[in-house]
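Student: To start, I am sharing the structure in question, which I have written as structure tokens.
The values are calculated or read from the model by the stated rules, or taken from the named source; none is laboratory data. Keep in mind that what you see is a predicted model, and the values were worked out from it rather than measured. Cβ: placed from backbone, ideal geometry, glycine included. Neighbour counts: every protein chain shown.
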Amino acid sequence: MNAILTVENLFKQFPIAGSKQVVQAVNDVSFSIQPGETLGLVGESGSGKTTVGRCIIGLLEPSAGAIYFKGRPISGRRGSRRDLTGKVQFVFQEPAESLDPRMKIGQSINEPLLPMKLDRTMRQQKTLEAIRLVRLDPDMLDGYPAELSAGQQQRVGIARAMVTHPELVVLDEPTSALDPTARAEIIDLLQRIQAERDTAYLFISHDLSTVRFISHRVAVMYLGMIVEQGDAQEVFNRPHHPYASGLLSSVLLPHPHLKIESSVSLKGEIPSPINLPKGCFLASRCPFVIDRCRTQMPPMSIVDDGHFVHCFRHEDVAASVPPSDTFVAFMREAERVLSRRTSTDPSTQVHSH
Amino acid sequence: MPETSAAPLIAVRDLRVEFPGANASKEVLKRVSLTVQPGEILGLVGESGAGKTTLARSILGVPPTSGRIAAGEVIFEGRNILDLPEPELRKLRGSRLSIVVPNPRAELNPTMTVGKQIAAMARIHLGVDRAQAARMALAMLSDVHIPDPQRRMNAYPHELSGGMAQRVVIAMALICNPAFIISDDATSGLDVTVQAQILSLLGGLAADHGSAMLFITRDIGIAAHFCDRVAVLYSGEIMELAPREELFLKPAHPYTLMLLAAFSHSPKLRDAWRVAETGARQIRDGGCSYANRCPLAQPVCSDGRPPFAEIRPGHFARCHFPVSHE
């Protein structure tokens, strides 16, 4: 299959003013996304996941490496984003900040269509289609962002991204500023749109629970590097990288008895990306560390078809806890607990208006 | 779980807080009552706008700007905090009662080293001398697992990461060994691995010092693993209160079930526990405040406020038709 997006050996450095040092935000990142696929990009603050997203949408120019959209370069000297109008869109974390408060909702949704040489009627039609797609009342097109709840604002953000029928959408923490109910609705919406339109998503998030259920594949970033990448279920059930394992064990599922087991408990914090250590970036925090890790960067090992990891001891890490699908166990439990009803059968309930 | 019959450390009774408006004032907390036992961690969950922060601040006698405590009392160590004169109250806050808030950098003084800020709490509240306060601050910094505490004493807030600054704020909150700590979403905005460390730190310190805690959070996952009992706040009212396992395994209030369903990743369960906005009933004064969103609502729900009834020992729900798990 032909990938929608291919990222090859991407590097991004930021100079530090008044110093010769640089921040190594992204270090040799490679991945691809197929049509209709969601790649979850997870990691803590400072892992470089947002920088990767920004390079893809063209807000940042990579320091080295290449980004291809359907096989054509879109970054660097050889690259051009000219034919890309409307094909790659994005949704940011803070819905309120990404909408112009003085612009009507309709204008905001309509804006990405302006460079597309469509007539006014066509644009109006597409705007209307987009607001219906996100299940908002078309009457809201004449309103302003401040009149909407955070969840509704994020729906507008999604309508604005989807109005051009993009083939790829970069979603940078689209739900982390929202309440649980609004978050769940946004996730439903994104999945429904993907099923209808075969849109590919790069879903950047630190919410592993959501990533587990929305992603087909997942890439785990640490200090600018993808340390493990593979099928979402496989990586979550049997992580091979100690960082992936430790990160998963920090997830608190809303069930008092379900906890993701791990032999790694991460102490301390992500080190500074200014002076990167020589060997494995996790060596200082890793319980599996051996001498080699401190001097040598572990090469990429293939665990399985499409499952890669950078760790000398990945087999030991994977074998240290029995594989288990705690997320699915949680879902089964939720079904058990939440399917009980009172003697009052809601299907026969009388609606009083 | 502490015995509920034991004397509570803190008791909030019928607390009402209003925000005055142009025509009518808005009731943000509607007769909220809760108790926390010595050594207990009580979780308080709810969505934005439920009144969580208003409750936290009102318990300390400082409702948010423009808020007004209309009725109720907060009994702590035998005295009603809401009746205390400001100087008395100020003595209590920070020494016997303290609060940890999110966005720690905004709480710290940017022009003062963190060591001095922590020590200042001990000097003001415990009356110890400068050298003793500095020693206590240093010990506290190492208690909150800050690496190289000697050096960090002289650091300014901007030199710290978010997780580190949160630890400093916790150190300030705990240095006087308070009997009661309120954590108001203190771990939101932190990464999960840092959050895990901060939670185990807070839990450990509270246990070591025998402090009780009101742990306010939007993340019900934290409540499921960290709290002894959990209260669910909706629209200024406590809708359900139960021991942790009961609440998560036998939730009774339809709002609690809706919240749990939002985390279930199952669209089917979510649909089962929510009412489409267009089908929402009108909410009437005096009725259940959740009636307009409740899939189990009956005519009676719009007419009468349900009592906060004990449906099983220690498990309370404010609902005419609590969900039964028998």
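Student: Going through the stretch B:176-189 one residue at a time, which ones are buried (at least 23 other Cβ atoms within 10 Å of the Cβ) and within 14 Å of another protein chain (Cβ to nearest Cβ)?
Tutor: The answer is B:Thr187, and nothing else.
Residue-wise test of (1) facing another protein chain (nearest Cβ under 9 Å); (2) over 30 Å from B:Ala196 (Cα atoms); (3) surrounded by 24 or more Cβ atoms within 10 Å (Cβ to Cβ).
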| residue | (1), (2), (3) |
| --- | --- |
| B:Val230 | no, no, yes |
| B:Met239 | no, no, yes |
| B:Ala272 | yes, yes, no |
| B:Cys319 | no, yes, yes |
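Student: I would also like to ask the following. Listed residues A:Gly58, A:Gly46, A:Gly86; which is within 14 Å of another protein chain (Cβ to nearest Cβ), assigned to a loop (DSSP other than H, G, I, E, B), at pLDDT below 95 and under 21 Å from the mean Cα position of the chain (by Cα)? Lay out the reasoning, then the answer.
Tutor: Working: A:Gly58 fails: within 14 Å of another protein chain (Cβ to nearest Cβ); A:Gly86 fails: within 14 Å of another protein chain (Cβ to nearest Cβ).
Going through A:Gly58, A:Gly46, A:Gly86 in turn, just one is within 14 Å of another protein chain (Cβ to nearest Cβ), assigned to a loop (DSSP other than H, G, I, E, B), at pLDDT below 95 and under 21 Å from the mean Cα position of the chain (by Cα): A:Gly46.
Student: Turning to a different aspect of this structure: Residues being surrounded by fewer than 18 Cβ atoms within 10 Å (Cβ to Cβ), in contact (Cβ under 8 Å) with a residue 40 or more places away in the chain and either farther than 11 Å from A:Leu10 by Cβ or touching a Ser or Thr at 6+ places or on another chain (Cβ under 9 Å) (or both): count how many of those fall in the stretch A:55-85.
Tutor: 5
Student: Filter the stretch A:241-265 for residues that are outside any loop (DSSP other than H, G, I, E, B), in contact (Cβ under 8 Å) with a residue 60 or more places away in the chain and within 9 Å of chain B (Cβ to nearest Cβ) and give the result.
Tutor: A:Leu247
Student: Moving to a separate point now. For the stretch B:204-221, give me each residue that is among the aliphatic types (A, V, I, L, M) and within 12 Å of chain A (Cβ to nearest Cβ).
Tutor: B:Ile220
Student: Looking at B:Arg90, B:Arg135, B:Arg151, B:Arg123, which is the one that is at pLDDT below 90, in a helix (DSSP H, G or I) and either of a type in the set (Lys, Arg) or surrounded by 13 or more Cβ atoms within 10 Å (Cβ to Cβ) (or both)?
Tutor: Being at pLDDT below 90, in a helix (DSSP H, G or I) and either of a type in the set (Lys, Arg) or surrounded by 13 or more Cβ atoms within 10 Å (Cβ to Cβ) (or both) holds for just one of B:Arg90, B:Arg135, B:Arg151, B:Arg123, which is B:Arg90.
Student: Can you find, within the stretch B:158-208, the residue that is farthest from B:Ala50 (Cα to Cα) among those that are touching a residue at least 60 places away in the same chain (Cβ under 8 Å) and among the polar types (S, T, N, Q)?
Tutor: B:Gln166
Student: Sticking with this structure for a sec: Which one is modelled with the highest pLDDT, of the residues in the stretch B:296-317 that are in a loop (DSSP other than H, G, I, E, B) and surrounded by 17 or more Cβ atoms within 10 Å (Cβ to Cβ)?
Tutor: Among those residues, the one meeting the criterion is B:Pro306.
Student: Something else: Do we have B:Ala224 as assigned to a loop (DSSP other than H, G, I, E, B), touching a residue at least 12 places away in the same chain (Cβ under 8 Å), within 13 Å of chain A (Cβ to nearest Cβ) and within 29 Å of B:Cys301 (Cβ to Cβ) here?
Tutor: On the way: assigned to a loop (DSSP other than H, G, I, E, B): no; touching a residue at least 12 places away in the same chain (Cβ under 8 Å): yes; within 13 Å of chain A (Cβ to nearest Cβ): yes; within 29 Å of B:Cys301 (Cβ to Cβ): yes.
No, not satisfied.
Student: Right, another one. Within the stretch B:210-224, is there a residue that is modelled with pLDDT under 90 and over 15 Å from the mean Cα position of the chain (by Cα)?
Tutor: Within the stretch B:210-224 (the criterion being modelled with pLDDT under 90 and over 15 Å from the mean Cα position of the chain (by Cα)), the answer is yes, since at least one residue qualifies.
Student: Quick test of your reading of the structure: A:Asp137 fulfils all but one of (1) over 29 Å from A:Gly48 (Cβ atoms); (2) within 13 Å of another protein chain (Cβ to nearest Cβ); (3) under 27 Å from the mean Cα position of the chain (by Cα). Name the failing condition by number.
Tutor: It is condition (3) that A:Asp137 fails.
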